[in-house]
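See below for the structure under consideration.
The values are calculated or read from the model by the stated rules, or taken from the named source; none is laboratory data. Just so it is clear, the structure is predicted and the values come from calculations on it, not from any experiment. Here the Cβ is made from the backbone with ideal geometry for all residues, glycine too, and neighbour counts use every protein chain on show.
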Amino acid sequence: MACQGLQSGETLASLKKESDSLKKKLEEERGKLNDIELHQVAEKVEMLGALSIKTKRLLKGHGNKVLCMDWCKDKRRLVSSSQDGKVIVWDAFTLNKEHGVTLPCTWVMACAYAPSGCAVACGGLDNKCSVFPLSLDKNENLSAKKKAVAMHTNYVSGCTFTNSDMQLLTSSGDGTCALWDVESGQLLQSFHGHTADVLSLDLAPSETGNTFVSGGSDKKANVWDMRSGQNIQSFESHESDINCVKYYPSGDAFASASDDSTCRFYDLRADREVAVYQKDSVIFGASTVDFSLSGRLLFAGYNDYTINVWDVLKGTRVSVLFGHENRVSRVRVSPDGTALCSASWDNTLRIWA
Amino acid sequence: MIFSSIKLLFVVLHYSVVLPRMSSKAHSSNNIAHARRTVQQLRIEASLERIKVSKASADLMNYCSAHARNDPLLMGIPTSDNPFKDKKPCTIL
């Protein structure tokens, strides 16, 4: 297999020629369908009124930069992870810290709540993603029950459970994404195609089927078929690393946040970028994005400590949320859409409503 | 004795000529494998069925308007209904 011969008529040059002509054809096909811009179609939509979103809770307790957070399906609990290896489960209503684990590694860049609410997954510089069951017994040592599920050859940048507690999807600095069986730790599928670190992933909303999107340092956002491992769509329009990708609630589109200080919106059925959220005054990298429940608002966290709220359809900025005293590393809207949680390098998390 | 040393010379010459060719063959077959993968990937992407941006935009707008009234952050909800808006004073147990 290492020295596979050439098929008849095929040379390196002919393959290169075909790949160039396919790329050109792709560009043409995508261009033909670009009959109007999204913001032009959205001109007939009503302007948004002023939003009254303010900090309602301040979650203090981490001793170092908070890198990631995820909501529980019960809409009140959340898990957060930080640079000092700590993972904390909070009750956001009462500010009560329900569980705390210290991982032996620093920079826990990824954490996720299991759909059942009974476990959390986290990983980072240890190149692994581990799952902890959450015990009702406060005295129980959670670290002892840790189970290493995912094994990568570089840092774990993102993780999410699929539709059950049984499977875990991870993204890594080793350039791949992988699907794991939680019980056995077995690798079920791996996803190759990125040519640099994969920094983020997001699972398609359950109605749309078995796909997920990933974004990386190669400036590409790729859409994958979870069963076959096939890369089905690829988007390359950012000018720098893509730090975060998130599906639009309908599953027909997704948004991305990048070091090039823009956020972009891609429609999967039109197979192209349909909006760029940028402003001359916004010059710092965007690290995270999430949509409000209806998909009309896009919350984006930036390295200039702010969260910009964009009108997804019109492309304009609606609001700026100030409060954090360092980079915003993660924003996530709660499952019922009532609140936004933001995590920051200022060691805190904020709940906005 | 002379014949065996000549034979050895031929063997050495043979390998010194063949080996460099073998390694460049391995190198170029890697390039070919990569190029073939790229072409296959592009073929898949090129065969995708696409819709017009006008249609895609209309669908996005419809989704937003259909779900707008259920979007608390967009609409704002009465203080009494939102558990986060209601900030109770802290009690230390």
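For residues in the range A:294-318 being more than 10 Å from chain B (Cβ to nearest Cβ), among the aromatic types (Phe, Trp, Tyr) and under 15 Å from A:Ser256 (Cα atoms), which is surrounded by the fewest Cβ atoms within 10 Å (Cβ to Cβ)? Ranking the candidates gives A:Tyr302 first. Number of residues in the range A:111-127 that are surrounded by 19 or more Cβ atoms within 10 Å (Cβ to Cβ) and under 17 Å from A:Gln83 (Cβ atoms) equals 5. Going through (1) part of a strand (DSSP E or B); (2) closer than 15 Å to A:Cys68 by Cβ one by one, A:Leu125 falls short only on (1).
Restricting the range B:47-62 to residues that are among the basic types (Lys, Arg) and not in a helix (DSSP H, G or I) leaves a set whose member that is surrounded by the fewest Cβ atoms within 10 Å (Cβ to Cβ) is B:Lys52.
How about the range A:141-249: which strands (runs of 3 or more DSSP E) wholly inside it have at least 3 residues that are among the polar types (S, T, N, Q)? Reasoning before the result, please.
Working: elements: A:147-151, A:156-161, A:167-172, A:177-181, A:187-191, A:198-203, A:211-216, A:221-225, A:231-235, A:242-247.
It comes to A:167-172, A:231-235.
With respect to A:Val223, is the statement that it is buried (at least 19 other Cβ atoms within 10 Å of the Cβ) and within 23 Å of B:Ala58 (Cβ to Cβ) true? Taking the combined requirement at face value, the residue satisfies it. Scanning the range A:254-293 for residues that are in contact with a Gly (Cβ under 8 Å, 6 or more places away or on another chain) and facing chain B (nearest Cβ under 8 Å), which turns out farthest from B:Asp71 (Cα to Cα)? Out of the qualifying residues, it is A:Ser292. Among the residues of the range A:56-72, those identified as buried (at least 16 other Cβ atoms within 10 Å of the Cβ) and either outside any loop (DSSP other than H, G, I, E, B) or within 12 Å of chain B (Cβ to nearest Cβ) (or both) are A:Lys56, A:Arg57, A:Leu59, A:Val66, A:Leu67, A:Cys68, A:Met69, A:Asp70, A:Trp71.
With the requirement that a residue be within 14 Å of another protein chain (Cβ to nearest Cβ) and crowded, with 20+ Cβ neighbours inside 10 Å, what does the range A:73-110 give you? A:Arg77, A:Leu78, A:Trp90, A:Ala92, listed by residue number.
Suppose we filter A:Val282, A:Val289, A:Val309 for residues that are over 16 Å from the mean Cα position of the chain (by Cα) and part of a strand (DSSP E or B); which single one remains? Can you show your working first?
On the way: A:Val282 fails: part of a strand (DSSP E or B); A:Val289 fails: over 16 Å from the mean Cα position of the chain (by Cα).
It is A:Val309.
Conditions (1) under 25 Å from A:Val312 (Cα atoms); (2) at pLDDT 95 or above; (3) surrounded by 17 or more Cβ atoms within 10 Å (Cβ to Cβ); (4) at the interface with chain A (Cβ under 7 Å from one of its Cβ atoms), marked per residue:
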{"position": "B:Glu45", "(1), (2), (3), (4)": "no, no, yes, yes"}
{"position": "B:Cys64", "(1), (2), (3), (4)": "yes, yes, yes, yes"}
{"position": "B:Arg69", "(1), (2), (3), (4)": "yes, no, no, no"}
{"position": "B:Met75", "(1), (2), (3), (4)": "yes, no, no, no"}
{"position": "B:Ser80", "(1), (2), (3), (4)": "no, no, no, no"}
{"position": "B:Lys88", "(1), (2), (3), (4)": "no, no, no, no"}
{"position": "B:Leu93", "(1), (2), (3), (4)": "no, no, no, no"}
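Consider A:Phe284 carefully, then state whether it is modelled with pLDDT of 95 or more, surrounded by 24 or more Cβ atoms within 10 Å (Cβ to Cβ) and touching a strand residue (DSSP E or B) at 6+ places or on another chain (Cβ under 8 Å). Spelling it out, it is not the case that A:Phe284 is modelled with pLDDT of 95 or more, surrounded by 24 or more Cβ atoms within 10 Å (Cβ to Cβ) and touching a strand residue (DSSP E or B) at 6+ places or on another chain (Cβ under 8 Å). Looking at the range A:18-52, which of the residues that are charged (D, E, K, R) and part of a loop (DSSP other than H, G, I, E, B) is farthest from the other protein chains (Cβ to nearest Cβ)? Of everything passing the filter in the range A:18-52, A:Glu46 is farthest from the other protein chains (Cβ to nearest Cβ). Criterion applied to A:Val182, A:Val149 was being buried (at least 21 other Cβ atoms within 10 Å of the Cβ), farther than 23 Å from A:Asp290 by Cβ and free of Cβ contacts under 8 Å to residues at least 40 places away in the same chain, and the one residue passing it is A:Val149.
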